[in-house]
Amino acid sequence: MEKELLIKFNLSALGVRAKNWLSGDREFALLMELFVDAYLYGNYRDFSLQPVSTMRFRNSIIRDYSKKNEQKYRVQCRIPLQVWRQLQLLQKKGLSLSWICEEALFFGWKKNMVSAA
């Protein structure tokens, strides 16, 4: 049996609707795994929000580029440890977990795996 980890992150209202459209946590974990593979190995750069701002002395800094008064919702999900290790690779690059989850859902929408309705 595969070990799972409970993660908590923030999503916008559109992200919550898209996540609720998925059948469950396993489908969301698969979507996150596909996004991480596309980001790390497939040069996927079609983002809905700009992820980081580069600086001269650092690779990146974590920023929240959402609108100033945008309502965020706390969401939790169970994902396998293998997917969590892949997410940690992106977090080491300076990307926040909330941004990764939002962009994974946007990636799924672009690939027609998720409906935002």
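Here are some notes:
- Phi angles of segment 23-29 translate, via the Karplus equation with coefficients 6.51, -1.76, 1.60 and θ = phi - 60°, into HN-Hα couplings of 6, x, 5, 5, 5, 5, 5 Hz per residue; Gly and Pro are given as x.
- For the set Lys19/Lys93; Lys8/Lys72; Lys19/Lys72; Lys8/Lys92; Lys8/Lys111, the pairs lying more than 21 angstrom apart at their alpha carbons are Lys19/Lys93; Lys8/Lys111.
Values quoted throughout were computed directly from the atomic coordinates according to the rules given, and no laboratory measurement underlies them. These numbers were taken from a predicted model, which means no experiment stands behind them.
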